[in-house]
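*Asks:* The structure under discussion is supplied below as structure tokens; questions concerning it will follow.
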Amino acid sequence: MSDVNRFEELVLPHVEVAHDVANELTRNPDDAEDVVQEACVRALKYIGGLHGDDARAWFLTIVRHAFYDWCKRNRPAEIARDDGTAIEMAIDDAAIDPEQAALRGAESRLRSCRWLIERCLFCVSWRSCHTRKLLASPTFPLAR
């Protein structure tokens, strides 16, 4: 079987899936078409190296590598060189530390619990009380 026939039989059925993968990677349908076209050219060129008849994983790997190469050409790395001052500038001195945040959360849950208990005191029947059901609910803040 010629390489072209083998390509048509093994790879072309997976072009739609390859386009979906490339579209997910590039986030642009036109760029995805470019990536898939490049992957098809590579797959046709190296179809002789495919062992077996399961070309899906092999072809999608080629698509992924074509995407990496496309990124190098079209989306240069936007890495800003920094001497460490960016981290210092990002620190907010007015921010609450984790311990204070945990305490505030616990105080809030305690207030909620007090409110619910006070509400239950006014209920006619504890057994039928909606608040009792709420307290037993796994979504109630104290159930965490």
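*Asks:* Once you list every other residue whose beta carbon is under 15 Å from the beta carbon of MET1, what net charge do they have if Lys and Arg are +1 and Asp and Glu are -1?
*Replies:* Local net charge: -3.
*Asks:* Could you compute the FRET efficiency for GLN37 and SER2, with r as their C-beta to C-beta distance and R0 at 25 Å, rounded to 0.05?
*Replies:* Result of the calculation: an efficiency of 0.75.
*Asks:* Counting other beta carbons within 10 Å of each residue's own, what order do CYS40, CYS71 fall into, fewest first?
*Replies:* Lowest to highest Cβ neighbour count: CYS71, CYS40.
*Asks:* Here's something else I'd like to know. Short version: ³J(HN,Hα) in whole Hz for each residue of segment 5-18, in order, from phi by Karplus 6.51 cos²θ - 1.76 cosθ + 1.60 (θ = phi - 60°), x for Gly and Pro, what are they?
*Replies:* Listing the rounded values in order: 5, 5, 4, 4, 6, 9, 9, 4, x, 9, 5, 5, 5, 4 Hz.
*Asks:* Could you compute the FRET efficiency for ARG27 and ALA106, with r as their C-beta to C-beta distance and R0 at 30 Å, rounded to 0.05?
*Replies:* 0.10
*Asks:* How far apart, in nm, are the 7 Å Cα→Cβ label points at LYS72 and LYS45?
*Replies:* For the pair LYS72/LYS45, the computed spacing is 1.2 nm.
*Asks:* Right, next: Which residues does a label at ASP54 reach in segment 1-35, if reach means a backbone N under 19 Å from a point 7 Å past the Cα toward the Cβ?
*Replies:* Only 7, 9-15, 17-18 pass the distance filter.
Read the figures in this text as sums done on the coordinates, not as results from a lab. As the structure is a prediction and not an experimental result, all values here were calculated from the model. For neighbour counting, all protein chains shown are included, and Cβ atoms are generated from backbone atoms with ideal geometry for every residue, glycine included.
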